[in-house]
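Let me begin by presenting the structure, written as structure tokens, before commenting on it.
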Amino acid sequence: MAVGLKNQDPAFLQLSELASEGSGGRICFATDDWFAPADWMLKDSEPVFISDKYTTYGKWMDGWETRRKRIAGHDWCIVRLAAPTSIKGILVDTAYFTGNYAPQFSIQGARLGPTEEDSMPERGEEMIGTACSKQDLKLMAELKSDQWIEVIGMTPLQPGYEETRKQYFSIENRNQVFTHLRVNIFPDGGIARLRVFGEVQPDFNVLKQSQTDLIGVLNGGQCLSYSNAHYGHPRNLIKPNRGINMGDGWETARRLDRPAILKTDDNGILQVPGCEWAVFKLCSAGSVERIIVDTNHFKGNFPDNVKFEAAYLDDKESLPSAQWKCMLNNAKLSAHKEHEFGGDALQFKGPCTHVRITIAPDGGISRVRLYGKIL
């Protein structure tokens, strides 16, 4: 059951987002990609509007937009989520689609295996100005996606003006785990962005077989809280792949309590009164063997140093009760570089379920990896 939310930022926005291309989501199939391909609906960037930009096929739009339908039926696409997910909320953004937004939509979901996904038609690199063939539709019909579980029933959408563009849907009483979603628009039109928030449900039997990234979002890691996210959210730290730019990392504002004249200790660590922090829940209780901190793209704004602390919480304990132990103490950082810490540099390796990352005095880092073993 989906509940529409208005005039508020729902709590599920703090969960992991699994549909955007930066998280690893992708489009597997679409009935029509004429004005703007469905793949653009999963872009990481905020939608933009360029008034005088046109293509051979019509007005350029930053999202997914199908042609005005002149045959029976309605348009739809298949989204593969980055990982198997228990969905808690969905954002549909119609930004700048004002006279061409999809009037209604619905979402269905299923958990598919690799064989079922492989049976879908191959999608090309450049889909703008195309539509699926009858043969493709016949092939997709074998998946019976029109019979998948209803996640959001047919629901009206609002036009893409600033005050109405972002439409939130809280998914209640959903214990199902989905790998793929079918996004239906009725009958045609456009959506700027689709975001799917939830909790990753990994296969621990696979993860236990080797060293794994305990904090990675695709393995079930999750950002719980943080002190400052002025330029970039700390949840970016646990996304797959290296960051694409500074916006694809965690960057704080410059702290106003930094001294007028900076001083360092004998180890070259800045002596400052303040810091910024972020707390993460690991995919499972584990022991950490190696830490990687990547300041990729942060050249004039990387933190001076980073500290890692770890805690073990059982299912009955809450975060305020955490007893933090120092894992890595005030390690010096440098610009635009992957830093690796292991061995004797790690004062505590676990077992732990949560980590707190502290940067001083402020600045930005791109990615963090905590490689270790699930216990």
Exercise. For the pairs Lys53/Lys166; Lys43/Lys325; Lys166/Lys337, note any where the Cα-Cα span goes beyond 27 Å.
Key: Lys43/Lys325; Lys166/Lys337
Practice problem: Compute the longest continuous run of the chain that contains no exposed GluC sites (Glu not before Pro); treat a site as exposed when its DSSP state is not H, G, I, E or B and it has at most 11 other Cβ atoms within 10 Å. | Solution: 173-375
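Can you tell me which of 224-232, 35-43, 189-197 comes out highest on packing, and rank the rest after it, using the mean Cβ neighbours within 10 Å? Intermediate values should be presented prior to the final figure.
Details: 224-232: 16.0, 35-43: 23.8, 189-197: 25.6.
Answer by packing, highest mean first, reads 189-197, 35-43, 224-232.
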Quiz item: Averaged per residue, what accessible surface does region 253-318 expose to a 1.4 Å probe, in Å²?
Solution: 54 Å²
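Per the 1.4 Å probe, what fraction of the accessible area of the chain, in percent, lies on carbon and sulfur atoms?
48 percent
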Practice problem: Can you spot the aspartates and glutamates whose alpha carbon is less than 14 Å from Lys69's alpha carbon? Ignore those fewer than 8 places along the same chain. | Solution: Asp32, Asp33, Asp188
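Report the relative contact order of region 208-271, percent, no decimals, based on alpha-carbon pairs under 8 angstrom and at least 6 residues apart. If you can, show how the numbers build up before the last one.
Details: 60 pairs, mean separation 15.9, N = 64.
Relative contact order for region 208-271 comes out at 25 percent.
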Quiz item: Which value, in Å², gives the accessible area per residue of region 1-142 when a 1.4 Å probe is used on the protein heavy atoms?
Solution: 50 Å²
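First select every other residue whose beta carbon is under 9 angstrom from the beta carbon of Ile107; then total the charges, Lys and Arg +1, Asp and Glu -1. Numbers along the way, then the final one.
Numbers: positive: Arg182; negative: Glu150.
Net charge around Ile107: 0.
Only Cα pairs under 8 Å and at least 6 apart count here; give the relative contact order of region 12-165 as a rounded whole percent. Let's see the in-between values first.
Working: 232 pairs, mean separation 47.4, N = 154.
Once normalised by length, the contact order is 31 percent.
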Quiz item: Can you give the relative contact order of the chain as a percent, counting alpha carbon pairs under 8 Å and 6+ residues apart?
Solution: 20 percent
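Calculated from DSSP H runs of 4 or more alone, at -39500 (n - 2.57) each and per residue, what is the 222 nm mean residue ellipticity of the chain, nearest 500?
Numbers: 3 runs with 17 residues, N = 375.
It comes out at -1000 deg cm²/dmol, rounded to the nearest 500.
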Quiz item: Based on Cβ point charges of +1 for Lys and Arg and -1 for Asp and Glu, what charge dipole magnitude is obtained for region 245-300 about its Cα centre, in debye rounded to the nearest 20?
Solution: 120 debye
Exercise. Using Cα centres only, tell me the gap between region 98-131 and region 149-176 in whole Å.
Key: 18 Å
Quiz item: What dipole magnitude, in Debye to the nearest 20, does the chain give about its Cα centre under +1 on Lys/Arg Cβ and -1 on Asp/Glu Cβ?
Solution: 220 debye
Quiz item: Taking the alpha-carbon centroid of each part, what is the distance from region 241-275 to region 63-86 in angstrom?
Solution: 43 Å
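The values are calculated or read from the model by the stated rules, or taken from the named source; none is laboratory data. Being a predicted model, the structure only gives us computed values, none of them experimental. Counting neighbours? That spans all protein chains shown, and the Cβs are built from the backbone with ideal geometry, glycine included. These accessible areas exclude ligands, DNA and RNA; they are computed on the full protein's heavy atoms, side chains included. Shrake-Rupley method; radii C 1.70, N 1.55, O 1.52, S 1.80 Å.
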